Amino acid sequence: MRVIAKASATRGGALPWVVAVVVIVVALAAWLWMREPVAVAQAGMDRDVATAAVDDRSASTHTAQPAASLRQTQDMPSNDPDDLASYFQPGDPEPTGAQVIEALQQAGVRTGLGAFNPPGTSPPLIGLAVPEGYELPEGYVRHHQVTDEGVAIEPILMFSPDFILRDVQGRPMAMPADRVVPPALAPPGMPRRQIRIPPR
């Protein structure tokens, strides 16, 4: 009796699956390879169309604007009227606080910096210095001030806003316009020394 070796059923059954997987992988690779040039070509066309549109817009804008307008647009850092940079060219000297406040007030801006008086337009009031810890009688107040540079000045003696100055008979007297107390009307016992404004 003769024995003939047969191919294993397991080995023969796997072959169709391997072939199928190889075919699918090759087909997928071919599909991706063919699709990539199309996508690249499409992207190139889109980029060309976009560039042409920008060039057209740019050309029409340049022909519509006169040279002086273009020069002004390039010179001005900002077209916003509320931007301080709109009023100063690069290289201009830095504006002072007084110039900024004056410009804001001339433009009708009365908020922020525009709410302040320009430096030097409201000099500090000169009056009697109120010693620290001195207890003021009714009708008098300490008035605190600072210089334009922000340096504190000694408080001066002023009449309180609701105080009515009276003579010895009790009749109302004329109040100083700035309400600063003159030495003759200072409270009894208070030192009569005028403040000194700190040097600039």
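The values are calculated or read from the model by the stated rules, or taken from the named source; none is laboratory data. What you are looking at is a predicted structure, and each value in this text was computed from that prediction instead of being measured. Here the Cβ is made from the backbone with ideal geometry for all residues, glycine too, and neighbour counts use every protein chain on show. Note: areas computed on protein heavy atoms with side chains; ligands, DNA, RNA excluded. Shrake-Rupley method; radii C 1.70, N 1.55, O 1.52, S 1.80 Å.
Express the carbon and sulfur contribution to the solvent-accessible surface of the range 72-200 as a percent, rounded to the nearest whole number, probe 1.4 angstrom.
Values: 5060 of 9160 Å².
Carbon and sulfur together cover 55 percent of it.
Remark: the range 122-200 carries a charge dipole of roughly 240 debye about the Cα centre, counting +1 on each Lys and Arg Cβ and -1 on each Asp and Glu Cβ. Protein-only accessible surface at a 1.4 angstrom probe places the residues Ser160, Ser122 in the order Ser122, Ser160, largest first. Note on the range 119-200: Cα convex hull, mean projected area over all directions, 6.2 nm². Probing with 1.4 Å while keeping every protein chain in the model, the per residue accessible area of the range 80-191 equals 67 Å². When the label point is put 7 Å from the Cα of Asp162 along its Cα-to-beta-carbon vector, which residues of the range 118-141 have a backbone N closer than 12 Å? The answer is 139. Solvent exposure of Asp162, expressed as accessible area, is near 130 Å², computed with a probe of 1.4 Å over the protein chains only.
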